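Below: the structure, in structure tokens.
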Amino acid sequence: MSVLSIQDISKKFADVDVIKHLNLQVNEGEFVSILGPSGSGKSTLFSLIGGILAPDEGTIILQGKKINSQTGAVSYMPQSPSLLPWRTVLQNVLLGQELKGTKDTSKALEMIEKAGLAEYAHSYPHELSGGMKQRVSFIRALLSPQPIILLDEPFSALDELTRLDMQKWLLSIWENNRRTVLFVTHNLEEALFLSDRIVILSNKPATIAAEFVIPFTRPRKEELLLEDDFLQWKRKIYYELKSFMEQSS
Amino acid sequence: MKKNRFKGWRSVIVLLLFFFIWELAVKIADIPEWLLPAPSTIMTEAITGFPSFSEHLLSTIKLGITGFALGVGFGLFVAVLLYLLPFVREAIYPFLILSQNIPVIVLAPLLVIWFGFGILPKMIVITLVCFFPVTIAALDGFKQTSPDLRHYMKMAGATKSQLFWKLELPHALPSIFSGLKISATYSIMGAVISEWLGAKSGIGVYMTLASSSFRTDRVFVAIFAIMALSLIFFAAIVLIERLLIRWQSKGVD
Ligand SMILES: Nc1ncnc2c1ncn2[C@@H]1O[C@H](COP(=O)(O)OP(=O)(O)OP(=O)(O)O)[C@@H](O)[C@H]1O
Ligand SMILES: [Mg+2]
């Protein structure tokens, strides 16, 4: 059953088509990545789903209900951690729930502990490293009650090593929770490692250019990154991306 | 920290030097006491006259704190109103600035004519000098809310009031405190001026009596008392700020 269904949406900024006739389905418990070049309209798509922007055409349906220009229907993790500096880790993690009604402190503490941040539960964000802040931001999104989580390039500001760490961490947390996730990234390897399905976005205007179902079994381990299968997939998608970029330019 | 303390010591030394030169100048030039008393004379008067002065001191403190609270309340109210209603802001903002150009000394007698000698005209005077820094600082603080945080809050479904209470207000707190510090120092001055409108006690009253009877030493006692009170007020606000804003040791992220 599809949790999120984006039907034929278009968006213009000052007469420039940024998104045109875009269709996308995300199924229950699925991890879908959107891969697209910078400026292709990925964040704009998220703003549309999040209800901050209204599409010029088309409908966005979440669990059978139309959510065009309705904020708060989805859970969101932005590129910068966006933690409130006057709140402790625990209070920050509870923010998503707080905005929607009920707070579950014991569940939050449990998640913080699982994330390896137990000793930081009562620290303020300025006392954390960049990677730790992103973990907190992800837990906040995970604890929010909405049926789908949008992640907008959450690791792009981190260095390569921390990034791999975070990918492994996210994967382990996610494989135990199986929330429905829509994930934006620039990074092909990251998308392959994490997703059930990869959607490639074309540039200007954005539509779905290609789609790949990734067959690797879960739980996935770091070693997967070096297996032949993985590298073959990487090559395959890379060539498609390349030929497709050449076509469009 | 160490450096700060050292700087503090330097200003104390400068102050002591200043008093020393003053004392010396008065003694050497043999200046009459009613014209310019020596620091030692002022000190003696401050100590011996304290029992009768303390009553005035207390009533000024009370007046200052009440007026300060009222002024800050009014200032925050105006700031929130102007922030939430942009069209009101455009209409009212110029008048806010103009309100600061009214000479209080001229306004004061008028207030007495309109409202009598009660507490009301005094509160108006103190509010008038206190509210402005808070209003401007709070408006600035609201405006500077981080766009990233605002974006997140909106995506997460924050309502307008949640946005204000959970993001904009706490975000503006450091800025509001810099307004409060200015207002706190103004409030004592405001209280003293308002006491000139007619009061039974207060530093303002004490000062008027002293200057009309050429007790210049007492005038100086009053001046130093006002300065000390302003400083203590300021320090109290700084202390509250430290206790309340423990999260801000680096920039906002
Ligand atoms: N509010 C806006 N007004 C006008 N143009 C905008 C606005 N927001 C985005 N755009 C334009 O829309 C296009 C898509 O922007 P968007 O931020 O969605 O890209 P993106 O795919 O998220 O890029 P990146 O990977 O760099 O984050 C860009 O060309 C941008 O200039
Ligand atoms: Mg983006």
Looking at the structure I just gave you, is B:I102 outside any helix (DSSP H, G or I) and either among the small types (G, A, S) or assigned by TED's automatic domain parsing to the domain that holds B:I193 (or both)? yes
Of (1) exposed (fewer than 15 other Cβ atoms within 10 Å of the Cβ); (2) within 16 Å of ligand 1 (Cβ to nearest atom), A:G36 satisfies every one except (1)
Select from region B:81-90 the residues that are out of contact with any Phe, Trp or Tyr (no Cβ under 8 Å at 6 or more places or on another chain) and part of a helix (DSSP H, G or I) and list them in ascending order. B:L81, B:P86, B:F87, B:V88, B:E90
Test A:V3 against the stated conditions and say whether it is away from ligand 2 (no atom under 16 Å from the Cβ), under 30 Å from A:Y238 (Cβ atoms) and within 20 Å of the chain's Cα centre (by Cα). yes
Pairing a residue in region A:145-156 that is within 16 Å of ligand 2 (Cβ to nearest atom) with any residue that is part of a strand (DSSP E or B), where Cβ atoms lie under 6 Å and the two sit 6 or more apart in sequence or on different chains, gives A:L150/A:Y76; A:L150/A:L182; A:L151/A:M77; A:L151/A:F183; A:D152/A:V184; A:E153/A:V184; A:E153/A:T185; A:P154/A:M77
Looking at region A:43-55, is at least one residue away from ligand 2 (no atom under 16 Å from the Cβ) and of a type in the set (S, T, N, Q)? no
Among the residues of region A:48-61 satisfying the criterion of being surrounded by fewer than 22 Cβ atoms within 10 Å (Cβ to Cβ) and within 12 Å of ligand 1 (Cβ to nearest atom), which is nearest to the other protein chains (Cβ to nearest Cβ)? A:I52
Please specify each residue of region A:182-199 satisfying the condition of being more than 16 Å from ligand 2 (Cβ to nearest atom), touching a residue at least 40 places away in the same chain (Cβ under 8 Å) and surrounded by 20 or more Cβ atoms within 10 Å (Cβ to Cβ). A:L192, A:L194, A:S195, A:I198
All but one of (1) crowded, with 16+ Cβ neighbours inside 10 Å; (2) more than 16 Å from ligand 1 (Cβ to nearest atom); (3) within 16 Å of the chain's Cα centre (by Cα) hold for A:L158; state the number of the condition that does not hold. (2)
Quick check on region B:58-70: of everything there that is crowded, with 20+ Cβ neighbours inside 10 Å and in contact with a Leu (Cβ under 8 Å, 6 or more places away or on another chain), which residue is farthest from B:L96 (Cα to Cα)? B:T60
On the basis of being modelled with pLDDT under 90, of a type outside the set (D, E) and within 16 Å of ligand 1 (Cβ to nearest atom), does A:G116 make the cut? no
Which one of the conditions (1) within 14 Å of chain A (Cβ to nearest Cβ); (2) at pLDDT below 90 does B:W165 fail to meet, given that it meets all the rest? (2)
Pick from region A:1-31 the residues that are β-branched (V, I, T) and within 16 Å of ligand 1 (Cβ to nearest atom): which of them is farthest from the other protein chains (Cβ to nearest Cβ)? A:V16
Look at B:Y93 and say whether it is surrounded by fewer than 18 Cβ atoms within 10 Å (Cβ to Cβ), in a helix (DSSP H, G or I) and touching a Leu at 6+ places or on another chain (Cβ under 9 Å). yes
Return the residues of region A:212-235 that are under 19 Å from A:I34 (Cβ atoms) and either outside the structural domain of A:E175 (by TED's automatic domain parsing) or surrounded by 12 or more Cβ atoms within 10 Å (Cβ to Cβ) (or both); say none if nothing qualifies. A:F212, A:I214, A:F216, A:W233, A:K234
Taking the condition of being in contact with a Lys or Arg (Cβ under 8 Å, 6 or more places away or on another chain), within 19 Å of A:G130 (Cβ to Cβ) and at the interface with another protein chain (Cβ under 10 Å from one of its Cβ atoms), how many residues in region A:71-107 meet it? 4
Residue count, region B:202-217 (criterion: in contact with a Leu (Cβ under 8 Å, 6 or more places away or on another chain), in a helix (DSSP H, G or I) and buried (at least 21 other Cβ atoms within 10 Å of the Cβ)): 1
Got at least one residue in region A:199-206 being closer than 20 Å to A:Y76 by Cβ and more than 16 Å from ligand 1 (Cβ to nearest atom)? no
The one condition in (1) in a helix (DSSP H, G or I); (2) within 30 Å of A:F46 (Cα to Cα); (3) within 14 Å of chain A (Cβ to nearest Cβ) that B:A158 fails to fulfil: (1)
Could you check region B:22-56 and list, in sequence order, the residues that are of a type in the set (A, V, I, L, M, F, W, C) and not in a loop (DSSP other than H, G, I, E, B)? B:W22, B:L24, B:A25, B:V26, B:I28, B:A29, B:I42, B:M43, B:A46, B:I47, B:F50, B:F53
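The values are calculated or read from the model by the stated rules, or taken from the named source; none is laboratory data. What you see is a predicted model, and the numbers here were worked out from it, not measured in a lab. Cβ: placed from backbone, ideal geometry, glycine included. Neighbour counts: every protein chain shown.
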